[in-house]
Amino acid sequence: MRRILLIGGAVIAVASLFGTLGAGGSAPEDATGDAEAERFAERIRGIAMSCAACHGTEARAETAIPRLAGQPEAVVRAQLLAFKADQMPGATVMPRLARGYTNEELAGLARYFSQLDPQFEPEADTR
Amino acid sequence: MHRTIARIRSVIPALVATALIVASPASAEAQGNAPWDRVDPAQELLDGATPRAESIQIDLPSVTQDGSSVPLSIEVDHPMRSDDYIEALYVFATRNPSPEVVEYHFTPLAGKARISTRVRLNESQTVFALARTSRGAWLAGTREIRVTVSGCIAQGNAEKGPDFMQTRVRAASRARPGEPLDVRTLINHPMETGLREDSNGNAIPERIVHSFRAEINGETVLTARFHRAVSANPYLLFYIAPGQSGPLHLTWEEDTGETATATAEIPAA
Amino acid sequence: MTRMPMNRRQALKRMGTVGAGSLLAGAGVPLFAGSRTDRVVVVGGGFGGATAAKYLKRLAPGLNVTLVEPAKRYYTCPFTNLYLGGMREFESLGHDYRELSDRYDVRVLHAFAQDVDVEGRRLQLENGSTLRWDRLILSPGIDFRWGDLEGYDKRAPEQAPHAWKAGPQTKLLRKQLVAMEDGGTFILVAPDNPFRCPPGPYERVSMIANYFKKNKPRSKILLLDAKDTFSKQGLFEEGWRTHYGDMIEWVGRSADGRVVRVDPELLEVETEFGTVHKASVLNVVPPQKAGAIAHRAGVADDSGWVPIDPHTFRARRAEGVYVLGDATQAAPMPKSGFVANTQAKVAARAVIADLAGEPAPEPSWANTCYSVIAPEWGITVANVYEVHEGTLREVPGSGGVSPLDADAAFRSREAAYAEAWYAAITQDIWGTRPA
Ligand SMILES: Cc1cc2nc3c(=O)[nH]c(=O)nc-3n(C[C@H](O)[C@H](O)[C@H](O)COP(=O)(O)OP(=O)(O)OC[C@H]3O[C@@H](n4cnc5c(N)ncnc54)[C@H](O)[C@@H]3O)c2cc1C
């Protein structure tokens, strides 16, 4: 079931080749201020919404496709970058999708997902 | 070859012109900025004449996801009487590697100057048609098309298969009195453009069916000249004037000189 | 964040909008319901419409959102082919609107929209009532071009089903397949582009072959196509050879596959060059256009589809009207449920920004079309899209189809992911909990 997590260990190794593990996952800090940061955050939210089509709302669904909500930022970031670099053996659609985004966007997504409540129906969602 | 390159070059400035034309067709024409003004082979044909931008209806989808086979229909709204008819219709694509697409030569036996076919369009561009009447007047029509590349729609390259040069023809079985009769034709042929490479990276030489002739009772109805922008397995729908009946003979000729034929019986009305 | 103009702040607050720039929005930051009520009416509770309603309320809980959809239970077209192939129960394809109404406070009206008054900003329902809107979202899916294919009129589907909208038609086709004698011929007539779900006809014959192989192994499948090429063609042909030998015969347009006349009584079809084929079960996928309400609203063009502004999915031909999904002219995006879902999110954000007098946020779309060829044998095409010089395109370097010659384990993984995708997207849209 949890194929991605199974290969997670290998992924971290791959990612350290890229030297990405230590880097911050959000917009470049020196970007031209708040407006830029805000636009970047909006963009990440927009992209994350399209991920929901396979990962469920806020990436909380747990099926053969893994839940991303609440996953460690470094792991997800490493995985996304490895997908993009075609370094995930046996990967299916993810390399083709990951190539549609910049490294900053993938890192931003990892951060975004890591901060989500993994509970399927958190109270805050029920209105 | 040199000639082709020269043509491509000359098309580039036309692209700019095309954009202007879309914005304001009437004034652009007045300024000599119509697409045919910038396409050498069109200029050669016109030989100084200015076509009237009327009477030609071009049907193309406004957007296509498969530029390798775009349905194209053209109708010239003009009589087909022996003293005044459309004798030629030329189609050009401004942004293709070479602008000539296809040309048709009608006789009054065609009954109406209307055809349907399938063409290759490399990218978003202006397609235009020029028609010459038997009295020497020129008509013109244009149409814009947007070509997108979509991973969801396969773009096929027809290969030379066992059905190579197999032909098909079908004439409408029920002729409506007084109405031209439609005839559909097809020949299986990959229409190699000469622009493609095989899996080993070698250029595949150009090899196309370049001409077509339809005759009824030995008299010509229509001839056509296909360029490499005609899609693989050239398809052509044309008409035959009312009152004609008997055997319809079709001949296609490849650039190797090889020919293929087909026959259909045109029923009396 | 402080640069946000006050009027925007106020407008967003009215709608109870999740603070822009708050990455934590979905992660437990309390959201407040706004008091002022901008009215957004959504027509169609399918992939596009239901997603739009939910995401409008997720992003702006204070908005007044009404969803107009005649059915109490929506059956998805996705996976109807698996049902036809005996791999899925029909009821497992049904979803209701409880999450939208109970959890997200969307007003769900089970009614049919009859007409749109764009100037007066009103939607007329078939039951005689009228809804006022500040923004209108249409996601009506497709309607058929009855009469374009000679003989295939409105009554023809009773004998020769299309099964291209999920429901009684799907069940009728299944019933006919079950009743068919072993050794019969199933014919599927496929249309020219553009049409709903480019890989759909090819997945369908795969699934019917799966059913025949187990139950009626002497039967034959003939796919008569108006096209010379089709979506994921190499992968489908490979899968057909692997699993079904020569049971499936595909006839492309240049091999005289284009059907020009249907006789639904005799279950006969005639091709362009005059070949007549007789079927035991005949499935005709007719030519299509945007759902009728889009034409009533005057937003469709001569192509039969709706041109949209690619940044927002606002209809080019009307103020305040947004259109989603199959009804749109969004090439190179396919007419898929996945794409409709991502378009709906782009439009929901654009509508909220529009109501606040702000420019729309930068859009982002993706698509993955899964097709199941046999149990444990799935294939995909995936893409990411962007706006470039005013038109939609695939992000260069991204996307593509599954590799040819992949091993069985790869195909089996994509089949498992197809099931997982279905569970996730129906959760994302209708709140159906993954089993
Ligand atoms: C056999 C088949 C298999 C498919 N498989 C897949 C797949 O695997 N993956 C995928 O992504 N896509 C698939 N699709 C495509 C998918 O079904 C469509 O792309 C998707 O449904 C489009 O969403 P939509 O919102 O545009 O339309 P729909 O989902 O059709 O929703 C339209 C809704 O609007 C309602 N409606 C219409 N007119 C009115 C009106 N006037 N008033 C009120 N309500 C109205 C209808 O009742 C309907 O509920 C498949 C399609 C078919 C036919």
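Every read-out reported here was derived from the displayed coordinates using simple, explicitly stated rules and does not represent laboratory data. Note that the coordinates shown come from a computational prediction; the quantities given were computed from them, not determined experimentally. Methodologically, a virtual Cβ is constructed for each residue, glycine included, from the backbone with ideal geometry; neighbour enumeration extends over all protein chains shown.
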Which is farthest toward the positive dipole end of the protein assembly as shown among B:LEU222, B:SER245, C:PHE112, measuring Cα position about the Cα centre, with Cβ charges +1 (Lys, Arg) and -1 (Asp, Glu)? C:PHE112
What is the pair-distance distribution P(r) of the stretch C:146-287, computed from all Cα-Cα distances in 5 Å bins starting at 0, with each bin given as a whole percent? 2, 10, 22, 25, 23, 14, 4, 0
Linear extension gain, C:GLU319 paired with C:VAL178, 0.36 nm per residue minus alpha-carbon span: 45.8 nm
So what is the calculated 222 nm ellipticity per residue for chain C, using -39500 (n - 2.57) for each DSSP H run with n of 4 or more, over all residues, to the nearest 500 deg cm²/dmol? -8500 deg cm²/dmol
Net charge over other residues, Cβ less than 12 angstrom from the Cβ of B:GLU254 (K, R count +1; D, E count -1): -3
Can you give me the long-range amide H partners of C:VAL260? Hydrogens built in the peptide plane at 1.01 Å from N, cutoff under 5 Å, separation of 5 or more residues or another chain. C:GLU270, C:THR271, C:GLU272
Percent antiparallel among DSSP beta bridges with both residues in the protein assembly as shown, to the nearest 5? 75
Share of Cα-Cα pairs in the protein assembly as shown beyond 44 Å, in percent? 33
Note on chain C: helices (DSSP H) long enough, at least 20 Å by alpha carbon along their axis, and hydrophobic enough, mean Kyte-Doolittle at least -1.0, are C:200-215, C:337-355, C:408-430
Diffusion constant of chain B at 4 °C, which comes from Stokes-Einstein with the Kirkwood Cα-pair radius and 1.567 mPa s, µm²/s: 67
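Counting other beta carbons within 10 Å of each residue's own, what order do C:SER398, B:SER245 fall into, fewest first?
B:SER245, C:SER398
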Which value, in debye to the nearest 20, gives the size of the charge dipole of the stretch B:20-151 about its Cα centre, when Lys and Arg are +1 and Asp and Glu are -1 at the Cβ? 260
³J(HN,Hα) computed for each position of the stretch A:81-90 - Karplus, 6.51 cos²θ - 1.76 cosθ + 1.60, integer Hz, glycine/proline x: 5, 5, 4, 4, 8, 6, 10, 10, x, x
In chain B, with Lys and Arg counted as +1 and Asp and Glu as -1 at Cβ, which of these residues, B:SER134, B:THR193, B:ALA171, has the Cα nearest the positive end of the dipole, that is, farthest along it? B:ALA171
Is there a simple number for the mean count of other chain Cβ atoms within 10 Å of the Cβ of residues in C:373-384, and what is it? 3
Residue among C:GLY239, C:PHE410, A:ILE44 farthest towards the positive dipole end of the protein assembly as shown, charges placed on Cβ: A:ILE44
Can you give the calculated 222 nm mean residue ellipticity of chain B, where each DSSP H run of n ≥ 4 adds -39,500 (n - 2.57) and the sum is split over every residue, rounded to the nearest 500 deg cm²/dmol? -4000 deg cm²/dmol
When the Karplus curve 6.51 cos²θ - 1.76 cosθ + 1.60 is applied with θ = phi - 60°, which whole-Hz ³J(HN,Hα) does each residue of the stretch C:304-311 get, with x for Gly and Pro? x, 10, 9, x, 10, 6, x, 5
Under 5 Å between amide hydrogens, which residues at least 5 positions from C:SER402 or on another chain qualify, with H placed 1.01 Å from N in the peptide plane? C:THR380
How long are the three semi-axes of the equivalent ellipsoid of the stretch C:52-138, in whole Å, if each is the root of 5 times an eigenvalue of the C-alpha gyration tensor, listed from largest down? 29, 17, 11
Would you please put A:69-77, C:349-357, C:55-63 in order of how densely packed they are, using the mean number of other Cβ atoms within 10 angstrom per residue and starting with the highest? C:55-63, C:349-357, A:69-77
Above 19 angstrom, tally the Cα pairs of the stretch B:32-174 and express them as a % of all pairs, no decimals. 57
Over all directions, how big on average is the projection of the convex hull of the alpha-carbon atoms in chain C, in square nanometres? 21.8
Over the alpha-carbon set of the stretch C:311-421, work out the extent along each principal axis and list the three values in angstrom, largest first. 52, 26, 21
Please give the average number of partner chain Cβ atoms lying within 10 Å of the Cβ of each residue in C:307-313, rounded to a whole number. 0
Under 5 Å, built H, 5+ apart or other chain: amide partners of B:GLU206: B:GLY194
What is the packing order of peptides B:206-216, C:196-206, taking the mean over residues of other C-beta atoms within 10 Å and listing the highest first? C:196-206, B:206-216
Average other protein chain Cβ within 10 Å of Cβ, residues C:356-369: 4
